[in-house]
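Here is the structure we will look at, set down as structure tokens.
The values are calculated or read from the model by the stated rules, or taken from the named source; none is laboratory data. These numbers come from a predicted model, not from an experiment. No Cβ is skipped: glycine too gets one built from the backbone with ideal geometry, and neighbour counts run over all protein chains shown.
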Amino acid sequence: MPKFEPDLTLYPFRSNWATLADGSHIHYVDEGHGPVLLLLHGNPAWSFLYRNIILNLRGQFRCIAPDLPGFGLSQAPAGYGFTASEQAQAIVQFVDLLGLKDIGVMMQDWGGPIGFFLAQTRPEIVERLIIGNTFAWPFTRIGPRVFSAIIGGMPGRVSAALFNGIVRLFFTRGVVTRLADEVWQMYLAPFRRRQDRRPTHVFPKQLTAANEFLSEIERRLPEIADKRALILWGDNDFAFREFERNRFRAIFSHHVERALPQAGHFIQEDAPDDISEAVREWYRPAVPQTLGMD
């Protein structure tokens, strides 16, 4: 049984399901025809985050948006740890199961390391990278490490258990445009029950606990540095700023850039139309490499 029923006026998509070898039951949206766009969310979101982009692009693209195990409508098996490594392996298995090829991967937040892992593990099927407000390396700066200790530690666990505190924190600070009440309800819906909230505080802890996984992602970035990349960056992000954007600019020499000056961390909420326009333009054969704006 699904954990909840999505509001189909906001999320008017047919649900699809895939079962992985470990028993993870993956819910995903698969809309439209054309070049494949794999849309990867982070914490504490789900495929609902991409709803407006899917509506904009499904006329020209095949938009596939999975929910990570434990997020959205997806279910994780007993003993699942919700670590970054497990989630990344799940997405590789998901892509293999669907037999996807020539993929453009859009990634944001923890969708970044997961998407980069996919590109490094299956470089022959990942054609393009759409990089938005994310990271691909361990954190050494004090700010993220303190954040990880607090939100991934006891304060985060308690706030998640008592009042869905991590969802409320991220979607308050992470958007410039205030969420409508009905949108709020959809972000809270996967975590209504206390027993379902653990994934939301595991990812913050992973900012430091996943150093080995993140170090391997960073080490292998040169293997995929020649792939075409579109950098879409919200200028009002509380988490990822110019430091991360500059690293991606330097790594991906064949990149095009589009700044999103009115967007925060969750660029999909704040700038879905700008993102959709940039993706369409980038995919046109005659797109000049000067689309980037800064």
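Any residue that is surrounded by 21 or more Cβ atoms within 10 Å (Cβ to Cβ) and over 15 Å from the mean Cα position of the chain (by Cα) - is there at least one of those in the stretch 58-69? Yes. If only residues of the stretch 178-195 that are touching a residue at least 60 places away in the same chain (Cβ under 8 Å) and more than 19 Å from the chain's Cα centre (by Cα) are counted, the one that is surrounded by the most Cβ atoms within 10 Å (Cβ to Cβ) is Gln185.
Looking across the stretch 15-32, the residues that are of a type outside the set (A, V, I, L, M, F, W, C) and in contact (Cβ under 8 Å) with a residue 12 or more places away in the chain come down to Ser15, Asn16, Asp22, Gly23, Ser24, His25, His27, Tyr28, Asp30, Glu31, Gly32. Could you tell me whether Ala278 is in a helix (DSSP H, G or I), free of Cβ contacts under 8 Å to residues at least 60 places away in the same chain and touching a strand residue (DSSP E or B) at 6+ places or on another chain (Cβ under 6 Å)? Against the criterion (in a helix (DSSP H, G or I), free of Cβ contacts under 8 Å to residues at least 60 places away in the same chain and touching a strand residue (DSSP E or B) at 6+ places or on another chain (Cβ under 6 Å)), Ala278 qualifies. Checking each residue in the stretch 242-258 for being in contact with a Lys or Arg (Cβ under 9 Å, 6 or more places away or on another chain) and not acidic (Asp, Glu) picks out Phe243, Phe252, His254, His255, Val256. Selection of first residues in the stretch 81-97 that are under 17 Å from His27 (Cβ atoms) and polar (S, T, N, Q) and of second residues that are part of a helix (DSSP H, G or I) and at pLDDT 95 or above, restricted to Cβ pairs under 6 Å at least 6 apart or on distinct chains, gives the following pairs, ordered by first then second residue: Gln87/Ile114.
One residue stands out among those in the stretch 235-271 that are aromatic (Phe, Trp, Tyr) and in contact with a helix residue (DSSP H, G or I) (Cβ under 7 Å, 6 or more places away or on another chain): the one that is modelled with the highest pLDDT, which is Phe266.
Number of residues in the stretch 117-157 that are modelled with pLDDT under 95 and hydrophobic (A, V, I, L, M, F, W, C): the value is 8.
Tell me yes or no: at least one residue of the stretch 125-143 is in a helix (DSSP H, G or I) and in contact (Cβ under 8 Å) with a residue 40 or more places away in the chain. No - not one qualifying residue is present in the stretch 125-143.
The numbered conditions (1) within 17 Å of Met186 (Cβ to Cβ); (2) surrounded by 21 or more Cβ atoms within 10 Å (Cβ to Cβ); (3) out of contact with any Cys (no Cβ under 6 Å at 6 or more places or on another chain) are all true for Leu55 except (2). Restricting attention to the stretch 126-178, the residues that are small (Gly, Ala, Ser) and either over 26 Å from Ile231 (Cβ atoms) or in contact with a Cys (Cβ under 9 Å, 6 or more places away or on another chain) (or both) total 8. Does Pro155 count as surrounded by fewer than 21 Cβ atoms within 10 Å (Cβ to Cβ), of a type outside the set (Phe, Trp, Tyr), in a helix (DSSP H, G or I) and touching a Gly at 6+ places or on another chain (Cβ under 9 Å)? Yes, satisfied.
Yes or no, residue by residue, for (1) in contact with a Leu (Cβ under 8 Å, 6 or more places away or on another chain); (2) within 23 Å of Ala161 (Cβ to Cβ); (3) part of a loop (DSSP other than H, G, I, E, B); (4) at pLDDT 95 or above:
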{"position": "Gly34", "(1), (2), (3), (4)": "no, no, yes, yes"}
{"position": "Asn52", "(1), (2), (3), (4)": "no, no, no, yes"}
{"position": "Ala65", "(1), (2), (3), (4)": "yes, no, no, yes"}
{"position": "Gly81", "(1), (2), (3), (4)": "no, yes, yes, yes"}
{"position": "Glu86", "(1), (2), (3), (4)": "no, yes, no, yes"}
